[in-house]
Amino acid sequence: MNDWQWRLAIFFGVWLTLMLAEHAIGFARNPALWTRAGRHLTMALLGTALTRLLLPLGAIGGAAWAAQQNVGAFHQIAAPVWIEFLLALIALDLAIYWQHRATHAWPPLWRLHRVHHTDAVLDASTALRFHPIEIALSMAYKLAVVVALGIDPLAVLVFEIVLNATALFSHANVQLPERIDRALARLIVTPAMHRVHHAPDALRTNSNYGFCLSIWDRLFGSFRGFRHRPDGEGFGVAGMVADESVVAMLKRPFGGLR
């Protein structure tokens, strides 16, 4: 199996497992689970197609090029392979954390990113709900980080697999026992932690930015606690009513919301 096959197999395996868990231990009732999944998968596929068109190398290809050209910080230092591998994973996750903060702080990026946040229901498929332009920009940013640091292609592959899996998990409509969720949140972002980020008010939306490791929010002062139980408040962006069609999501950054 090549890297794309591995990534797809693990991605759909994790997603299917979480969808089954959402049926069994859902945080809130979600009658349109499969319809939403189809729409959000369409958005992800459009983003992937645009990214492949504009950046055919991708992050792994960029890492391979950097290795061939001896470009990047990690290629200039002598360290054990396992240390470089671990540092690369940590550096990539930190880079994604700051990228996420930027999408909330800079209005042009927020217009794209709010497509993700105007989802009035939260489940694993929400992790796929990004505008294709944002997906392409995200890959361009990741590619720049990978080349600048000279990250090994295998580390990039492992990171992308882990990032996809943890993004699905953190958005999942599952209600873990509070004790287990809090224990996991010492290391990784959990559903109860990430639900805060999708709260309607701006204070909490602009918090809990982590995708994989939970340490960055605590370290940089953006941690705002947990939502362990349904509170009637819902999800989305205050004052914005989302149209769930794919066409509406594609148009949303370029006009107002009804």
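A few points about this structure:
- Each 5 Å bin from 0 upward holds the following percent of the Cα-Cα pairs of the range 3-254: 1, 6, 13, 18, 20, 17, 13, 7, 3, 1, 0.
- Amide H contacts of ILE188: SER214, each under 5 Å away and 5 or more positions distant or on a separate chain (H built 1.01 Å from N in the peptide plane; Pro and chain starts excluded).
- The long axis of helix 33-54 is offset from the longest Cα principal axis of the chain by roughly 30 degrees.
- Counting beta carbons within 10 Å around each of HIS23, HIS113 and listing the fewest first gives the order HIS23, HIS113.
- Overall Cα dimensions of the range 133-242, principal axis frame, Å, largest first: 46, 34, 25
- Relative exposure of LYS142, LYS251, judged by other C-beta atoms within 10 Å (fewest first): LYS251, LYS142
- The angle separating the long axis of helix 132-149 from the principal Cα axis of greatest extent in the chain is about 30 degrees.
- Ranking of MET249, MET19 by count of other Cβ atoms within 10 Å, fewest first: MET19, MET249
- Annotation for VAL246 and LEU57: the two label points, set 7 Å from Cα along the Cα-Cβ direction, are 3.1 nm apart.
- Relative contact order of the chain: 27 percent, from C-alpha pairs under 8 Å at least 6 residues apart in sequence.
- The range 1-155, dipole about Cα centre (Lys/Arg Cβ +1, Asp/Glu Cβ -1), debye to the nearest 20: 500 debye
- Distance between the range 117-134 and the range 211-239 - C-alpha centres, whole angstrom: 16 Å
- Residue-wise HN-Hα coupling along the range 6-20, computed from phi with Karplus coefficients 6.51, -1.76, 1.60 (Hz; x: Gly, Pro): 4, 4, 5, 4, 5, 4, 5, x, 5, 4, 4, 4, 5, 5, 5
We did not get these values from a lab; they are worked out from the coordinates using the rules stated. Computed from a predicted structure; not experimentally measured. Here the Cβ is made from the backbone with ideal geometry for all residues, glycine too, and neighbour counts use every protein chain on show.
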